[in-house]
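A short reminder: the numbers here are calculations on the coordinates, not readings from a lab. What you are looking at is a predicted structure, and each value in this text was computed from that prediction instead of being measured. Here the Cβ positions follow ideal geometry from the backbone for every residue, glycine too, while neighbour counts run over all protein chains shown.
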Amino acid sequence: MSTVTKGTVLFGARKLDARGQVDDFWMVIEGTTITATGSGPGHPDAEQAIDLHGSWLTPGFIDLHSHGGGGHSFDNGPAEIIEGLATHRAHGTTRSVISLVANPMAELRTSLGQIADLVEVDPLILGSHLEGPFLSPHYRGAHNVEYLRDPEAVHVDELIAAGRDTLRQITLAPELPGAMEAIDILVAAGVAVAIGHSDLSFEMAQGAFDRGARILTHAFNAMPGIHHRAPGPVVAAFEDDRVTIELILDGQHVHPDVAALAFRSAPGRVALITDAMAAAGYQDGDYNLGTLTVAVRDGLALLRGTTTIAGSTLTQDVALQIAITRTGVAPRDAVGALTLTPAKALGLDHRFGLLETGYAADVVALDANWTVQRVWANGSAIDTEVNRTIGGATSISTTRLY
């Protein structure tokens, strides 16, 4: 073609997204958007042309649930959030929801306001996720029991207001007094309601889903398991096509064979999250998660002095590798679980999660071993050399899951 297209053309790739694989793929990025795609020889001329030499090309990963990375905790304010996100972006996560653990109400309101400020200047931050304070003390996991409370309407309204339309998601325990009414308030405000850290039954989970809850927070963890006479919330989520199922696929929180069961039981509805704490993509040591101390040894994060897992040291590229190589998930489905499925959970699948014209220019190039080589987010190249040490262990742990 004689006309030179503005922007950048990526060519010579193997495209892989939730719609399938296309070999010898090319795409044009202009500004923040994919403006053209195709395959075969004869890609458009552009101001910049990048030959990917057969690399896999996927949409940017979307993490619905992360608390930190690169040695930085998201509960510690904007500077820590920015530094922690740099690590995740280097591993292919181009859009993130910032998760907060249970803290005093005043601190949560402050954190939500700070995240709202960041959203205004950084389009890669999708908003906030409150994992608490409306959690069951019996399934609190790595949340300080002193800061847990029932979801009274006045407190729910305060948190929604503090987020200034950037509170994307909240996890709550449906059995708490006032929880069902809180779901009504949150859904009306456009917040995605997740259920988790809860002692709920199969029937109660069904009731929460009928009320408008649409996400199961880190399935199998911090909730009753599957019993042959009490199927529990996981089976309720499997059976409900409206529900997205979060899964921490680090080889520690959920056995890969159980993860495979989730993919088979809820095709197209599993979202691979990190639930990462500060040590993700970093190194072993002692860290704070909210007000609690976490000891990380061999990539496993435990509350100090306990056998309770306190988040993960996972990055999403490692989750992709485990999904494909150890769980036996088809590459197309594994990529979908990192891209289109989380986008759908937030109602953003019109803009994110596919490599198609009109979608955001969020792109990850990976080698044959599913290792990230290059990343573009919102049309700009990301530094993939930031904290590239993988801190997460991938061996199966016999530690009791929280």
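Suppose R0 equals 35 Å. What FRET efficiency, 1/(1 + (r/R0)^6) with r the Cβ-Cβ distance, do E146 and E181 give to the nearest 0.05?
Between E146 and E181 the formula returns 0.90.
Can you give the log10 of the normalised intensity I(q)/I(0) at q = 0.09, 0.10 Å⁻¹, computed with Debye over equal Cα scatterers of the range 1-133?
Each listed q maps to, in turn, -0.38, -0.46.
In nm, to one decimal, how far is the Q283 label point from the D210 one, both placed 7 Å along Cα→Cβ?
So the label points at Q283 and D210 sit 5.4 nm apart.
What does the helix-only formula give at 222 nm for the chain: each DSSP H stretch with n ≥ 4 adding -39500 (n - 2.57), the total divided by the residues, and the result rounded to the nearest 500 deg cm²/dmol?
-7500 deg cm²/dmol
Over the chain, what is the mean sequence separation of C-alpha contacts under 8 Å (at least six apart), divided by residue count, expressed as relative contact order in percent?
20
Divide the volume of the convex hull of the Cα atoms of the range 295-337 by its number of residues and quote the answer in cubic angstrom per residue.
Value for the range 295-337: 79 Å³ per residue.
In the range 213-314, what trypsin sites (Lys or Arg not before Pro) fall in a loop by DSSP, with at most 10 other Cβ atoms inside 10 Å?
Loop-located and lightly packed - R229.
Scan [x] 4, 15, 21, 20, 17, 11, 7, 3, 1, 0, 0; [y] 4, 18, 25, 22, 16, 9, 4, 1, 0; [z] 5, 25, 34, 24, 9, 2, 0 for the value of P(r) over Cα pairs in 10 Å bins from 0, in percent calculated from this model and give just the label.
[z]
For a protection proxy built on the mean count of beta-carbon atoms within 10 angstrom, sort 317-323, 174-180 highest first, please.
317-323, 174-180
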